[in-house]
Structures are given as C-alpha cells and as structure tokens.
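Here's the structure, in structure tokens; my notes come after.
The values are calculated or read from the model by the stated rules, or taken from the named source; none is laboratory data. Computed from a predicted model, the values in this text were never measured in an experiment. Glycine also receives a Cβ, built like all others from the backbone with ideal geometry; neighbour counts cover every protein chain displayed.
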Amino acid sequence: MDVAPFEIRVSDDVLADLRARLERSRLLADSPHRPPSGMTATYLSDLVASWQALDWRSRERWLNAHPQFTAELADTTIHFAHLRSRDPDAPALLVMHGWPHTFALQLDFADLLDDFHVVVPSLPGFAFSSPYRSGLMTEVRLAGTMHTLMTDVLGYAAYLTYGEDVTANVNDLLAAQHPESVLGIVVTHAHFPTREERRDLAAPDERAFFARIAADHESAGAYGHVQATRPDTLAAALNDSPAGLVAWLAEKLAEWSDTPTDEPSAVEQRISRERILTEATIYWATQTIGSSFRPYYEGADTPAPIPATDVPAAVYIQRHEADYPESLARAHYRDLRVFERLPEGGHFTVAEVPGAMADRVRAFARELGLLRPHPPSASDH
C-alpha cells in the first residue's frame with residue numbers, strides 16, 4: 001500500500017478567519033446555581049484570549065518535526081506519525097488516542113520512547129485522517145484498520161499496543177483477535193465487561209465499582225448522550241464557533257485529567273494551555289468535530305463482548321478508575337505481568353504523565369525481552 005509523506009500546513013486564510021471569530025466571541029457569565037463542570041466563564045475567557053495570541057506556526061513546526069505520513073486503505077486515508085528508532089530491531093509500539101484528543105496529545109509520550117518504533121495514528125474522521133467512506137465506525141472495524149496499518153502498510157510482523165478512551169476496547173480487540181502479532185498490550189483503561197456481562201458479576205467490589213461508574217455517568221455522561229443522539233446539531237454549533245469548540249473540548253480535558261482541585265485551569269498542571277489550544281486548532285482547521293462524534297452513534301461506544309486474551313499484559317489503573325477491581329483484570333488479561341494503581345495520571349494518562357508512563361512501558365518491554373540494555377537515540381524516518 002502506498003505511503004506518502006505528510007506535512008501540516010494550515011492556510012493563512014483559515015488562521016485569519018479563526019482569529020476574527022475569536023475576536024467577535026460573545027461570552028456569557030456563569031449561570032447562577034449551575035452544577036459543577038470543567039468550564040467556567042473566567043477560564044473560557046482566558047482560553048479564547050490565549051488562542052487569539054497563539055503562535056500557530058511555532059506549534060506547526062513542532063508538530064512537523066515528527067515525521068508524518070498518510071496511507072490509502074480500502075475505506076479511509078489514514079494519517080499517522082511514525083517515529084523510528086535508530087535501532088532497526090527495536091520493537092514497534094502502536095499508540096492510539098481517543099476523544100476529545102488527537103494524535104498530537106500523544107506525541108510528548110512518543111518523543112520519550114526513542115528505543116521503539118512508535119506509530120501514532122489519527123483515527124478515521126479525526127484530524128488529518130478521512131472518515132470511513134461507507135459503513136459504520138465500530139470498534140471491530142477500527143481494530144482491523146489499526147492492524148492493517150501496522151502489518152500490511154508498515155511491515156511490522158509484531159508490535160506492542162496501547163489505547164485509551166475510544167480505543168481502549170480497540171486495544172483489547174487487537175490482543176484478542178491478533179495474538180500472533182501483538183507482542184504485549186499496555187492498558188490504562190482496563191477492560192470493562194459489557195452491560196449484559198456485568199449482571200452476572202458476583203464479587204461485591206466488582207458490583208460496587210460498576211455501580212459507582214453508573215452513578216457518575218448520570219451527571220458526567222451527558223456529553224456522550226448528546227454526541228450519540230444529536231451529533232449533527234451539536235457539530236453545527238461547534239464547527240461554527242471556536243469559543244464553543246474550545247469550551248467543549250477543554251471541559252473534558254479538565255474534568256477527566258488527574259488534577260488536585262475542581263478549578264478547571266488546574267488541568268494545565270497536566271496538559272499545558274499550549275497543548276490544549278493545539279488540539280482545538282487541529283479540530284478547527286480540519287473541521288472534524290462532527291466526524292469525531294461517529295464512534296458515539298455508530299457502535300464503538302456500545303461494545304460487543306471481547307474475548308479474554310493470553311497476550312502478555314501490563315495494566316496501569318489510572319486515577320479516575322482507582323477502585324477498578326484487580327479480579328476483573330486477571331479474568332480478562334490471562335497473562336497479566338503488571339497490575340499497578342497509578343499514583344498520578346487520569347483519563348489521558350500518557351499525555352498527563354508521559355515520563356512516568358514511558359518508563360513503565362520500557363520496563364514492560366524489557367521484561368518481555370524486547371529491548372536491548374542500552375537504547376540508541378531516535379532519528380528521523
């Protein structure tokens with residue numbers, strides 16, 4: 001399959017239009033008696049002002065310093081960063097993102113793994129990857145696309161895999177469906193049984209965990225319900241208003257990150273403002289907020305059962321799921337090499353604590369015998 005070099009270049013006209021719209025933003029005060037959320041009028045005003053002043057060309061240069069490519073598959077054009085190690089025998093690592101972030105938020109983590117060949121794709125319909133041209137965006141289909149990218153396109157007969165959020169189940173599916181190719185699975189969003197499977201759970205801590213998740217979803221899951229049931233109406237508003245777009249994206253980054261306070265600006269202790277605005281600019285320039293909703297209404301958010309896997313697994317429980325029972329992990333990941341409850345790091349684990357997670361991934365790969373004792377430095381593709 002053909003692979004073509006890719007460089008990000010947002011036109012001057014798009015940037016000028018973005019700044020003009022930001023300048024004309026009509027921002028509201030906080031509603032009285034509003035429920036807690038990851039956004040306030042003050043923080044949104046700060047983000048809008050900072051976005052107007054953002055030096056996008058500097059961010060663009062940083063992004064383009066990571067070798068990027070596109071590949072034509074049968075039903076989508078996949079964009080990906082491919083950071084090759086200088087060591088040709090280094091293990092390959094697939095690093096997948098979820099929603100609302102893009103490939104860009106995973107690059108700080110990838111940069112620390114110069115003893116791996118790291119592949120960071122954009123999911124179909126996110127950033128610079130085209131949506132699927134027909135059919136549904138299911139988790140099974142995403143797993144097939146990612147496996148094809150790693151094997152048929154890039155020629156890696158075997159690889160390690162990591163996914164989070166939308167790609168948590170994709171991660172599990174790759175290990176379950178392609179054990180001959182997946183050397184090991186790195187997990188920060190550990191396997192959830194389906195809703196039907198949860199009815200058969202007997203252990204008190206397992207039932208308590210999912211009861212807590214369900215209770216939290218009552219207030220925290222409204223975004224997903226809207227994206228699953230009224231995606232085009234919401235997308236029309238966010239695609240037209242950059243202030244609305246950054247509010248929608250940053251709210252989730254703030255709510256789901258492992259931050260010590262309820263003040264939304266605390267997210268920047270984990271994910272800098274520059275990184276948040278980079279995500280927003282990518283969504284704005286590519287007009288992909290609408291297609292990024294497809295997993296929520298086409299099936300990826302309502303998973304089918306996933307078989308247990310015998311692939312070696314390292315499970316790191318992120319802070320927002322700190323009460324996840326170890327018994328669930330041991331039932332699904334039958335060759336569980338690591339089970340650790342992280343002291344830091346939330347939903348966007350590798351973006352929030354990239355150094356700590358790079359060390360953990362490296363240690364896991366060493367346990368599997370995949371790394372040499374003294375890793376070489378990275379080089380360009």
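Counting only residues that are closer than 30 Å to Asp335 by Cα and of a type in the set (Val, Ile, Thr), how many does the range 272-324 have? Within the range 272-324, residues that are closer than 30 Å to Asp335 by Cα and of a type in the set (Val, Ile, Thr) number 6. Listed by first and then second residue, the pairs with beta-carbon distance under 6 Å, at least 6 apart or on different chains, first residue in the range 1-29 and under 20 Å from Ala127 (Cα atoms), second of a type in the set (Ser, Thr, Tyr), are Ala4/Thr70; Phe6/Thr70. Within the range 156-178, residues that are over 17 Å from Leu105 (Cβ atoms) and of a type in the set (Phe, Trp, Tyr) sit with their Cβ atoms under 7 Å from residues that are outside any helix (DSSP H, G or I) and modelled with pLDDT of 95 or more, at 6+ positions apart or across chains, in these pairs: Tyr156/Ala92; Tyr159/Ala92; Tyr159/Leu93; Tyr159/Leu94; Tyr159/Ser181; Tyr159/Val182; Tyr159/Leu183.
Of the listed requirements (1) buried (at least 17 other Cβ atoms within 10 Å of the Cβ); (2) out of contact with any Pro (no Cβ under 6 Å at 6 or more places or on another chain), Val3 misses just one: (1). The single condition among (1) surrounded by fewer than 21 Cβ atoms within 10 Å (Cβ to Cβ); (2) within 19 Å of the chain's Cα centre (by Cα); (3) aromatic (Phe, Trp, Tyr) that Phe339 does not meet is (2). Looking only at residues of the range 171-204 that are among the acidic types (Asp, Glu) and at pLDDT below 95, we find that the one that is surrounded by the fewest Cβ atoms within 10 Å (Cβ to Cβ) is Asp200.
Every test in (1) surrounded by fewer than 17 Cβ atoms within 10 Å (Cβ to Cβ); (2) within 30 Å of Leu368 (Cα to Cα) is passed by Phe116 save one, and that test is (1). Can you name the residue in the range 209-225 that is in contact with an Asp or Glu (Cβ under 9 Å, 6 or more places away or on another chain) and surrounded by 13 or more Cβ atoms within 10 Å (Cβ to Cβ) and is also farthest from Tyr296 (Cα to Cα) among such residues? Filtering first and then ranking leaves Phe209. From Val118, Val140, which residue is among the β-branched types (Val, Ile, Thr) and either at pLDDT 95 or above or under 23 Å from Ala235 (Cα atoms) (or both)? Just a single option satisfies the conditions, and that option is Val118. Listed by first and then second residue, the pairs linking a residue in the range 68-82 that is farther than 12 Å from Ala127 by Cβ to a residue that is of a type in the set (D, E, K, R) and surrounded by fewer than 21 Cβ atoms within 10 Å (Cβ to Cβ), with Cβ atoms under 6 Å apart and 6 or more places separating them unless they lie on different chains, are Glu72/Asp2; Asp75/Arg133. For Arg133, the criteria (1) over 29 Å from Leu371 (Cα atoms); (2) buried (at least 17 other Cβ atoms within 10 Å of the Cβ); (3) in contact (Cβ under 8 Å) with a residue 12 or more places away in the chain; (4) charged (D, E, K, R) hold in every case but one, which is (2). Of the helices (runs of 4 or more DSSP H) lying entirely inside the range 209-270, the ones with 1 or more residues being within 18 Å of the chain's Cα centre (by Cα) and not aromatic (Phe, Trp, Tyr) are found at 222-229, 242-256.
Can you pull out every residue in the range 295-308 that is outside any loop (DSSP other than H, G, I, E, B) and either crowded, with 23+ Cβ neighbours inside 10 Å or of a type in the set (Asp, Glu) (or both)?
Of the residues in the range 295-308, the ones outside any loop (DSSP other than H, G, I, E, B) are 295-298.
Within the range 295-308, Pro295, Glu298 meet the criteria.
Thr151 satisfies every condition listed in (1) part of a helix (DSSP H, G or I); (2) crowded, with 23+ Cβ neighbours inside 10 Å except (2). Could you check, for the range 278-289, whether at least one of its residues is buried (at least 16 other Cβ atoms within 10 Å of the Cβ), of a type in the set (Asp, Glu) and either assigned to a helix (DSSP H, G or I) or in contact with a strand residue (DSSP E or B) (Cβ under 7 Å, 6 or more places away or on another chain) (or both)? Yes, some residue in the range 278-289 is buried (at least 16 other Cβ atoms within 10 Å of the Cβ), of a type in the set (Asp, Glu) and either assigned to a helix (DSSP H, G or I) or in contact with a strand residue (DSSP E or B) (Cβ under 7 Å, 6 or more places away or on another chain) (or both).
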